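The values are calculated or read from the model by the stated rules, or taken from the named source; none is laboratory data. Everything numeric in this text was worked out from a predicted model, so none of it was measured. Positions of Cβ are backbone-derived with ideal geometry, glycine not excepted, and every protein chain shown enters the neighbour counts. Surface accessibility is based on the protein's heavy atoms, side chains included, excluding ligands, DNA and RNA. Shrake-Rupley method; radii C 1.70, N 1.55, O 1.52, S 1.80 Å.
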Amino acid sequence: MSKKNTYEINFNRPTIVGKELYYISQAIHEGYSAGDAAFTKKCHAYLEQALNVPRVLLTTSCTHALEMTALLLEIQPGDEVIVPSFTFVSTVNAFVLRGAKPVCIDVRPDTLNLDETKLEQLITERTRAIVPVHYAGVGCEIDTIGAIAAKYNIPLVEDNAHGLFGKYKGRFLGTFGAFATQSFHETKNFICGEGGALLINDPAFIERAEIIREKGTNRSRFFRGQVRQVYLG
Ligand SMILES: Cc1ncc(COP(=O)(O)O)c(C=O)c1O
């Protein structure tokens, strides 16, 4: 092909709104460059309110948020976790790291999301989680997937790395499972360099999630003034 007929399509182009450096310098000047100060609190509050989710915790990546779900669900060696056959490695690795066996489910040719018609036949007595990925922000058939998960009492972890503010039948992606995970990696729709979030839709997990995120300590409760000392949770 001649040079004049070639053109490049960027894999991604990070969204820059213009105030990034101003906000970064503000955080540094206030002495809180490690996070969990005013900007983190604003993000938590904004996402909780905008998505109507009981608790959102920013993480260092979507990978980290997925790894937290594996800890929260107490995934053990030999457990089975159903994951789409087409996804990013972190969807699977988070559970394999805890010793789980990934059970890959075929994806649909039209959406590249897991094929909900093949889900039920893959469930066994060892299935501990189902991890639908809303690929490219296109919602999975979450009604059907959720009904099967509920029938067998298996938690759903929505890997919503691509789908913040995407909707399925009018409802935000990430609000269906016990958990959902978001990515703010530079290649995603909303970016911060590297970053992510854990959406906790089942309030029963909130306290442990805060402890795990604070490396096993009750630091979150300490900063809210609920306890007088920091100790291992
Ligand atoms: C479906 C999916 N899940 C998880 C991740 C991991 O996201 P992060 O880079 O924020 O860890 C990605 C990254 O591309 C992804 O595409």
Notebook entry, point to check: What accessible area per residue, rounded to a whole number of Å², is obtained for segment 102-195 using a probe radius of 1.4 Å?
Noted result: 45 Å²
Item checked: Helix-only mean residue ellipticity at 222 nm for the chain, each DSSP H run of n ≥ 4 adding -39500 (n - 2.57), per residue, nearest 500 -> -8500 deg cm²/dmol
Next item on the list: Express the carbon and sulfur contribution to the solvent-accessible surface of the chain as a percent, rounded to the nearest whole number, probe 1.4 angstrom.
Entry: 55 percent
Next item on the list: Mind jotting down the distance between the C-alpha centroids of segment 161-191 and segment 111-138, whole Å?
Entry: 16 Å
Check: How high is the relative contact order of segment 1-131, in percent, with contacts defined as C-alpha pairs under 8 Å that are six or more residues apart?
Finding: 18 percent
Margin query: Need the full-extension length gain, T187 to I24, defined as separation in residues times 0.36 nm minus the C-alpha distance. One decimal, nm.
Written below: 56.7 nm
Notebook entry, point to check: Based on the alpha-carbon gyration tensor of the chain and its eigenvalue square roots a ≥ b ≥ c, which shape applies: rounded if a/c is under 1.5, prolate if not and a/b is larger than b/c, or oblate?
Noted result: oblate
Next item on the list: Please give the peptides 57-68, 15-26, 73-84 ranked by average Cβ packing (other Cβ atoms within 10 Å per residue), highest first, as a rough proxy for protection.
Entry: 57-68, 73-84, 15-26
Margin query: Taking every DSSP beta bridge with both residues inside segment 62-161, roughly what % is antiparallel (nearest 5)?
Written below: 10 percent
Next item on the list: For E125 and K42, compute 0.36 nm times the residue count separating them, minus their Cα-Cα distance, and round to one decimal in nm.
Entry: 25.7 nm
